[in-house]
1. Taking only the stretch 295-330 into account, find how many residues are polar (S, T, N, Q) and either in contact with a helix residue (DSSP H, G or I) (Cβ under 9 Å, 6 or more places away or on another chain) or buried (at least 17 other Cβ atoms within 10 Å of the Cβ) (or both).
2. Take the stretch 203-228 and flag every residue that is out of contact with any strand residue (DSSP E or B) (no Cβ under 7 Å at 6 or more places or on another chain) and either among the charged types (D, E, K, R) or surrounded by 18 or more Cβ atoms within 10 Å (Cβ to Cβ) (or both).
3. Given Ala233, Ala250, Ala226, which one is under 16 Å from Gly269 (Cα atoms) and under 19 Å from the mean Cα position of the chain (by Cα)?
4. List, please: which pairs have Cβ atoms under 7 Å, are six or more places apart or on different chains, and start with a residue in the stretch 241-258 that is part of a loop (DSSP other than H, G, I, E, B) and end with one that is polar (S, T, N, Q)?
5. Please count how many residues of the stretch 187-210 are more than 24 Å from the chain's Cα centre (by Cα), assigned to a helix (DSSP H, G or I) and without any contact (Cβ under 8 Å) to a residue 12 or more places away in the chain.
6. Going by the structure shown, is Ala54 over 18 Å from Ala144 (Cβ atoms), buried (at least 21 other Cβ atoms within 10 Å of the Cβ) and among the small types (Gly, Ala, Ser)?
7. Criterion first (under 18 Å from Val321 (Cα atoms), modelled with pLDDT under 95, of a type in the set (A, V, I, L, M) and out of contact with any Asp or Glu (no Cβ under 8 Å at 6 or more places or on another chain)) does Ile115 satisfy it?
8. Out of all the residues in the stretch 237-251, which are of a type outside the set (A, V, I, L, M) and either loosely packed, with under 14 Cβ neighbours inside 10 Å or modelled with pLDDT under 95 (or both)?
Amino acid sequence: MTPLQGSQIASVPNQRHDNNSAFPLVYSCDPGAITLAQFTEWVSGNRDELLSLATQHGAVAFRGFPTPSAEDFDAFVQSLGIENFPYAKSLSNAVRINRTPRVFSANEAPPEVKIFFHHEMAQTPLYPKYIMFFCEIAPQSGGATPLCRSDILYSELMKQCPEFAAKCEQAGLQYTNVMPGNDDPNSGMGRSWHSTLGVETKSAAEARLRELGYSLEWLANDCLKATTPPLPAVMEVAPGQKTFFNQLIAAYCGWKDERNDPSAAIRHGDGSKLDSDAVNVAVDLAEQLAYDHQWHAGDIVLLDNTVAMHARRPFQGTRKVLASLAEMQTQSFAVVG
(Lines give C-alpha, C1' and ligand atoms only; values in the text may rest on other atoms or scores of the structure.)
Protein backbone atom coordinates (compact mmCIF):
# COMPACT_ATOMS: atom_id res chain seq x y z
CA MET A 1 0.00 0.00 0.00
CA THR A 2 1.43 3.37 -1.02
CA PRO A 3 1.68 5.73 2.00
CA LEU A 4 -0.45 8.89 1.95
CA GLN A 5 1.06 11.88 3.72
CA GLY A 6 -1.03 12.98 6.69
CA SER A 7 -2.98 9.73 6.99
CA GLN A 8 -2.48 6.72 9.21
CA ILE A 9 -4.15 3.57 10.47
CA ALA A 10 -6.13 4.46 13.60
CA SER A 11 -8.28 2.98 16.35
CA VAL A 12 -11.90 3.87 17.11
CA PRO A 13 -14.05 3.15 20.18
CA ASN A 14 -15.44 -0.40 20.37
CA GLN A 15 -13.42 -1.56 17.36
CA ARG A 16 -13.36 -5.37 17.29
CA HIS A 17 -10.40 -7.71 16.86
CA ASP A 18 -11.61 -11.17 15.82
CA ASN A 19 -9.22 -13.74 14.34
CA ASN A 20 -6.39 -11.20 14.75
CA SER A 21 -8.12 -8.83 12.33
CA ALA A 22 -9.27 -5.28 13.13
CA PHE A 23 -12.95 -4.67 12.36
CA PRO A 24 -13.21 -2.25 10.79
CA LEU A 25 -9.78 -1.28 9.55
CA VAL A 26 -9.68 2.51 10.01
CA TYR A 27 -7.68 5.17 8.16
CA SER A 28 -7.65 8.67 9.62
CA CYS A 29 -6.37 11.89 8.10
CA ASP A 30 -4.91 14.98 9.75
CA PRO A 31 -7.09 18.08 9.16
CA GLY A 32 -6.03 19.96 6.04
CA ALA A 33 -3.18 17.52 5.27
CA ILE A 34 -4.37 16.62 1.76
CA THR A 35 -6.78 17.75 -0.94
CA LEU A 36 -9.67 15.77 -2.37
CA ALA A 37 -7.68 15.29 -5.58
CA GLN A 38 -4.77 13.82 -3.62
CA PHE A 39 -7.12 11.50 -1.74
CA THR A 40 -8.90 10.19 -4.83
CA GLU A 41 -5.58 9.76 -6.66
CA TRP A 42 -4.32 7.65 -3.73
CA VAL A 43 -7.53 5.59 -3.69
CA SER A 44 -7.29 5.00 -7.44
CA GLY A 45 -3.64 3.97 -7.19
CA ASN A 46 -4.35 1.56 -4.33
CA ARG A 47 -7.81 0.32 -5.29
CA ASP A 48 -6.86 -3.36 -5.51
CA GLU A 49 -5.28 -3.28 -2.06
CA LEU A 50 -8.24 -1.37 -0.58
CA LEU A 51 -10.78 -3.82 -2.01
CA SER A 52 -8.69 -6.73 -0.73
CA LEU A 53 -8.55 -5.12 2.72
CA ALA A 54 -12.35 -4.72 2.69
CA THR A 55 -12.69 -8.46 2.09
CA GLN A 56 -9.99 -9.36 4.62
CA HIS A 57 -11.33 -7.11 7.40
CA GLY A 58 -14.99 -6.91 6.36
CA ALA A 59 -14.92 -3.10 6.28
CA VAL A 60 -12.51 -0.22 5.79
CA ALA A 61 -13.44 3.16 7.30
CA PHE A 62 -12.05 6.59 6.36
CA ARG A 63 -12.29 9.45 8.86
CA GLY A 64 -11.08 13.05 8.57
CA PHE A 65 -10.54 13.02 4.83
CA PRO A 66 -11.61 16.00 2.65
CA THR A 67 -15.05 14.60 1.75
CA PRO A 68 -17.72 16.90 3.23
CA SER A 69 -20.30 16.57 0.41
CA ALA A 70 -22.21 13.96 -1.57
CA GLU A 71 -20.27 15.05 -4.65
CA ASP A 72 -16.97 14.39 -2.85
CA PHE A 73 -18.25 10.95 -1.86
CA ASP A 74 -19.18 10.36 -5.51
CA ALA A 75 -15.60 11.25 -6.46
CA PHE A 76 -14.32 8.65 -3.97
CA VAL A 77 -16.64 6.02 -5.44
CA GLN A 78 -15.48 6.83 -8.97
CA SER A 79 -11.83 6.63 -7.90
CA LEU A 80 -12.30 2.99 -6.86
CA GLY A 81 -12.97 2.09 -10.48
CA ILE A 82 -15.60 -0.55 -9.71
CA GLU A 83 -18.75 -1.06 -11.75
CA ASN A 84 -21.70 0.94 -10.45
CA PHE A 85 -24.85 -0.96 -9.47
CA PRO A 86 -27.65 1.62 -9.81
CA TYR A 87 -30.29 1.29 -7.11
CA ALA A 88 -33.00 1.48 -9.76
CA LYS A 89 -31.82 -1.90 -11.08
CA SER A 90 -32.02 -3.58 -7.68
CA LEU A 91 -34.89 -5.61 -6.23
CA SER A 92 -34.54 -4.09 -2.77
CA ASN A 93 -37.74 -3.20 -0.90
CA ALA A 94 -36.51 0.02 0.78
CA VAL A 95 -37.39 3.53 -0.42
CA ARG A 96 -34.29 5.52 -1.44
CA ILE A 97 -33.68 8.97 -2.95
CA ASN A 98 -31.00 9.39 -5.63
CA ARG A 99 -28.46 12.20 -5.12
CA THR A 100 -26.15 11.42 -8.05
CA PRO A 101 -26.18 8.57 -10.60
CA ARG A 102 -24.02 6.59 -8.12
CA VAL A 103 -25.19 7.90 -4.74
CA PHE A 104 -28.53 7.61 -2.93
CA SER A 105 -29.97 7.88 0.57
CA ALA A 106 -29.25 4.81 2.70
CA ASN A 107 -32.86 4.43 3.89
CA GLU A 108 -35.84 6.75 4.15
CA ALA A 109 -37.54 4.89 7.02
CA PRO A 110 -38.61 7.13 9.96
CA PRO A 111 -35.92 7.75 12.60
CA GLU A 112 -37.66 5.63 15.26
CA VAL A 113 -37.52 2.55 13.01
CA LYS A 114 -34.76 0.06 13.82
CA ILE A 115 -33.32 -1.65 10.76
CA PHE A 116 -32.06 -5.11 11.64
CA PHE A 117 -28.89 -6.84 10.49
CA HIS A 118 -28.77 -7.95 6.87
CA HIS A 119 -26.56 -8.40 3.85
CA GLU A 120 -27.70 -5.93 1.23
CA MET A 121 -30.12 -7.58 -1.22
CA ALA A 122 -29.27 -11.13 -0.09
CA GLN A 123 -33.04 -11.74 -0.24
CA THR A 124 -32.99 -11.32 -4.04
CA PRO A 125 -31.22 -13.05 -6.94
CA LEU A 126 -29.21 -9.82 -7.52
CA TYR A 127 -26.87 -8.31 -4.93
CA PRO A 128 -23.85 -5.97 -4.76
CA LYS A 129 -20.37 -7.20 -3.88
CA TYR A 130 -19.47 -3.82 -2.34
CA ILE A 131 -21.34 -1.10 -0.46
CA MET A 132 -19.94 2.35 0.27
CA PHE A 133 -21.56 4.43 3.03
CA PHE A 134 -21.05 8.15 3.62
CA CYS A 135 -22.17 10.52 6.39
CA GLU A 136 -23.31 13.90 5.13
CA ILE A 137 -24.95 14.96 8.42
CA ALA A 138 -24.36 13.11 11.70
CA PRO A 139 -27.45 12.63 13.90
CA GLN A 140 -27.96 14.51 17.14
CA SER A 141 -28.04 11.18 18.99
CA GLY A 142 -28.22 7.52 18.06
CA GLY A 143 -28.23 6.57 14.40
CA ALA A 144 -25.14 4.37 14.43
CA THR A 145 -24.66 1.85 11.65
CA PRO A 146 -23.86 -1.47 13.37
CA LEU A 147 -21.60 -3.81 11.41
CA CYS A 148 -21.10 -7.54 11.99
CA ARG A 149 -18.72 -9.99 10.38
CA SER A 150 -20.98 -12.84 9.37
CA ASP A 151 -18.12 -15.28 8.91
CA ILE A 152 -17.44 -14.95 12.64
CA LEU A 153 -21.19 -15.20 13.33
CA TYR A 154 -21.56 -18.36 11.25
CA SER A 155 -18.59 -20.00 12.96
CA GLU A 156 -20.24 -19.36 16.34
CA LEU A 157 -23.67 -20.45 15.07
CA MET A 158 -22.22 -23.79 13.93
CA LYS A 159 -20.94 -24.34 17.46
CA GLN A 160 -24.17 -23.37 19.24
CA CYS A 161 -26.83 -24.58 16.75
CA PRO A 162 -25.15 -27.10 14.44
CA GLU A 163 -28.38 -28.65 13.13
CA PHE A 164 -29.86 -25.26 12.25
CA ALA A 165 -26.62 -24.09 10.61
CA ALA A 166 -26.52 -27.28 8.52
CA LYS A 167 -30.19 -26.86 7.55
CA CYS A 168 -29.55 -23.28 6.40
CA GLU A 169 -26.60 -24.39 4.31
CA GLN A 170 -28.41 -27.37 2.76
CA ALA A 171 -31.91 -25.96 2.23
CA GLY A 172 -31.29 -22.23 1.81
CA LEU A 173 -34.07 -19.70 2.40
CA GLN A 174 -37.15 -18.28 0.71
CA TYR A 175 -38.49 -14.79 1.37
CA THR A 176 -42.00 -13.39 0.98
CA ASN A 177 -42.94 -9.73 1.06
CA VAL A 178 -45.93 -7.65 0.05
CA MET A 179 -45.14 -4.59 -2.04
CA PRO A 180 -47.52 -1.60 -2.18
CA GLY A 181 -48.80 -0.02 -5.36
CA ASN A 182 -47.13 3.28 -4.42
CA ASP A 183 -43.98 4.03 -2.42
CA ASP A 184 -44.64 4.06 1.33
CA PRO A 185 -41.93 6.18 3.03
CA ASN A 186 -43.31 5.28 6.48
CA SER A 187 -42.07 1.70 6.12
CA GLY A 188 -38.50 0.38 5.99
CA MET A 189 -39.73 -1.92 3.21
CA GLY A 190 -42.19 0.38 1.48
CA ARG A 191 -40.82 0.48 -2.07
CA SER A 192 -43.64 -0.07 -4.57
CA TRP A 193 -43.72 -2.94 -7.03
CA HIS A 194 -43.49 -0.39 -9.84
CA SER A 195 -40.17 0.94 -8.48
CA THR A 196 -38.85 -2.42 -7.30
CA LEU A 197 -39.38 -4.17 -10.62
CA GLY A 198 -38.95 -1.16 -12.90
CA VAL A 199 -42.31 -1.72 -14.59
CA GLU A 200 -45.54 0.17 -15.20
CA THR A 201 -48.12 -2.59 -15.62
CA LYS A 202 -49.20 -5.71 -13.76
CA SER A 203 -48.47 -7.90 -16.76
CA ALA A 204 -44.91 -6.55 -16.92
CA ALA A 205 -44.51 -7.16 -13.17
CA GLU A 206 -45.65 -10.75 -13.58
CA ALA A 207 -43.25 -11.31 -16.47
CA ARG A 208 -40.31 -9.84 -14.55
CA LEU A 209 -40.95 -11.95 -11.45
CA ARG A 210 -41.44 -15.17 -13.38
CA GLU A 211 -38.22 -14.50 -15.27
CA LEU A 212 -36.47 -14.40 -11.88
CA GLY A 213 -38.17 -17.55 -10.60
CA TYR A 214 -40.57 -15.86 -8.14
CA SER A 215 -44.14 -16.90 -7.39
CA LEU A 216 -46.69 -14.10 -6.97
CA GLU A 217 -50.19 -13.16 -5.90
CA TRP A 218 -52.12 -9.93 -6.40
CA LEU A 219 -53.82 -8.62 -3.26
CA ALA A 220 -56.25 -5.83 -2.44
CA ASN A 221 -55.25 -2.16 -2.79
CA ASP A 222 -52.94 -2.88 -5.73
CA CYS A 223 -50.48 -4.78 -3.50
CA LEU A 224 -48.28 -7.55 -4.85
CA LYS A 225 -47.19 -10.54 -2.75
CA ALA A 226 -43.95 -12.04 -4.09
CA THR A 227 -42.02 -15.11 -2.94
CA THR A 228 -38.46 -15.72 -4.06
CA PRO A 229 -37.10 -18.98 -5.37
CA PRO A 230 -34.84 -20.78 -2.86
CA LEU A 231 -31.75 -18.64 -2.26
CA PRO A 232 -28.50 -19.39 -0.42
CA ALA A 233 -28.28 -18.78 3.32
CA VAL A 234 -24.55 -19.48 3.50
CA MET A 235 -21.80 -18.35 1.13
CA GLU A 236 -18.24 -19.63 0.85
CA VAL A 237 -16.22 -16.47 0.12
CA ALA A 238 -12.85 -18.25 0.28
CA PRO A 239 -11.74 -21.83 0.87
CA GLY A 240 -12.81 -22.68 4.40
CA GLN A 241 -14.38 -19.23 4.99
CA LYS A 242 -18.18 -19.38 5.07
CA THR A 243 -20.43 -16.43 5.81
CA PHE A 244 -24.04 -16.27 6.98
CA PHE A 245 -25.06 -14.46 3.79
CA ASN A 246 -28.80 -13.81 3.97
CA GLN A 247 -31.53 -11.51 5.28
CA LEU A 248 -32.77 -13.94 7.92
CA ILE A 249 -32.41 -11.59 10.88
CA ALA A 250 -33.94 -8.58 9.11
CA ALA A 251 -36.85 -10.57 7.68
CA TYR A 252 -37.58 -12.47 10.88
CA CYS A 253 -37.35 -9.44 13.17
CA GLY A 254 -38.11 -6.41 11.07
CA TRP A 255 -40.25 -7.10 8.02
CA LYS A 256 -43.34 -5.68 9.67
CA ASP A 257 -45.70 -3.01 8.43
CA GLU A 258 -49.40 -2.78 7.59
CA ARG A 259 -48.89 -5.26 4.73
CA ASN A 260 -46.25 -7.62 6.10
CA ASP A 261 -46.07 -10.11 8.98
CA PRO A 262 -42.53 -11.28 9.91
CA SER A 263 -43.84 -14.75 10.83
CA ALA A 264 -44.79 -15.26 7.18
CA ALA A 265 -41.76 -13.56 5.67
CA ILE A 266 -39.23 -16.37 5.62
CA ARG A 267 -38.98 -20.16 5.33
CA HIS A 268 -36.28 -22.63 4.46
CA GLY A 269 -35.93 -23.26 0.75
CA ASP A 270 -37.80 -26.57 1.11
CA GLY A 271 -40.78 -24.74 2.63
CA SER A 272 -40.17 -25.83 6.22
CA LYS A 273 -40.42 -23.40 9.12
CA LEU A 274 -37.38 -21.99 10.88
CA ASP A 275 -36.30 -23.06 14.36
CA SER A 276 -37.24 -19.91 16.27
CA ASP A 277 -34.86 -20.65 19.14
CA ALA A 278 -31.95 -21.00 16.73
CA VAL A 279 -32.95 -17.82 14.90
CA ASN A 280 -32.89 -15.97 18.22
CA VAL A 281 -29.38 -17.32 18.83
CA ALA A 282 -28.32 -15.83 15.48
CA VAL A 283 -29.95 -12.51 16.39
CA ASP A 284 -28.15 -12.44 19.74
CA LEU A 285 -24.82 -13.38 18.16
CA ALA A 286 -25.08 -10.53 15.68
CA GLU A 287 -25.53 -8.06 18.53
CA GLN A 288 -22.71 -9.60 20.55
CA LEU A 289 -20.33 -9.39 17.60
CA ALA A 290 -21.45 -5.95 16.44
CA TYR A 291 -19.32 -2.86 16.02
CA ASP A 292 -21.46 0.30 16.05
CA HIS A 293 -20.06 2.91 13.68
CA GLN A 294 -20.87 6.25 15.30
CA TRP A 295 -20.97 8.63 12.38
CA HIS A 296 -18.85 11.77 12.02
CA ALA A 297 -19.67 14.09 9.13
CA GLY A 298 -17.51 13.15 6.16
CA ASP A 299 -16.96 9.52 7.22
CA ILE A 300 -16.79 6.89 4.50
CA VAL A 301 -17.09 3.13 5.08
CA LEU A 302 -16.21 0.62 2.35
CA LEU A 303 -17.96 -2.69 3.05
CA ASP A 304 -17.55 -6.11 1.45
CA ASN A 305 -21.22 -7.07 1.40
CA THR A 306 -20.44 -10.78 1.29
CA VAL A 307 -18.41 -10.64 4.52
CA ALA A 308 -20.07 -8.03 6.73
CA MET A 309 -23.74 -7.32 7.39
CA HIS A 310 -25.10 -3.97 8.55
CA ALA A 311 -28.07 -2.43 10.36
CA ARG A 312 -29.32 0.96 11.61
CA ARG A 313 -30.03 2.21 15.13
CA PRO A 314 -32.93 4.61 15.78
CA PHE A 315 -31.91 8.24 16.10
CA GLN A 316 -32.92 11.78 16.95
CA GLY A 317 -32.23 14.88 14.88
CA THR A 318 -31.28 15.06 11.23
CA ARG A 319 -29.29 12.11 9.92
CA LYS A 320 -28.13 11.93 6.33
CA VAL A 321 -26.21 8.79 5.48
CA LEU A 322 -25.76 8.05 1.79
CA ALA A 323 -24.77 4.88 -0.01
CA SER A 324 -23.46 3.53 -3.28
CA LEU A 325 -23.47 -0.04 -4.61
CA ALA A 326 -20.97 -1.75 -6.91
CA GLU A 327 -20.39 -4.97 -8.83
CA MET A 328 -23.78 -6.63 -9.22
CA GLN A 329 -23.65 -10.38 -8.59
CA THR A 330 -26.27 -13.08 -9.21
CA GLN A 331 -27.15 -16.00 -6.98
CA SER A 332 -29.25 -19.14 -7.32
CA PHE A 333 -29.66 -22.25 -5.21
CA ALA A 334 -30.68 -25.88 -5.52
CA VAL A 335 -32.12 -27.37 -2.33
CA VAL A 336 -30.18 -30.40 -1.11
CA GLY A 337 -32.24 -33.43 -0.12
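1. Selection size over the stretch 295-330: 3.
2. Within the stretch 203-228, Arg208, Arg210, Glu211, Asp222 qualify.
3. When all the criteria are applied, what remains is Ala233.
4. Phe244/Ser150; Phe245/Ser150; Phe245/Thr306; Gln247/Gln123; Trp255/Asn177; Asp257/Ser187
5. 5
6. yes
7. yes
8. Pro239, Gly240, Gln241
The values are calculated or read from the model by the stated rules, or taken from the named source; none is laboratory data. Please read these numbers as outputs of a predicted model, since none were measured by experiment. Positions of Cβ are backbone-derived with ideal geometry, glycine not excepted, and every protein chain shown enters the neighbour counts.
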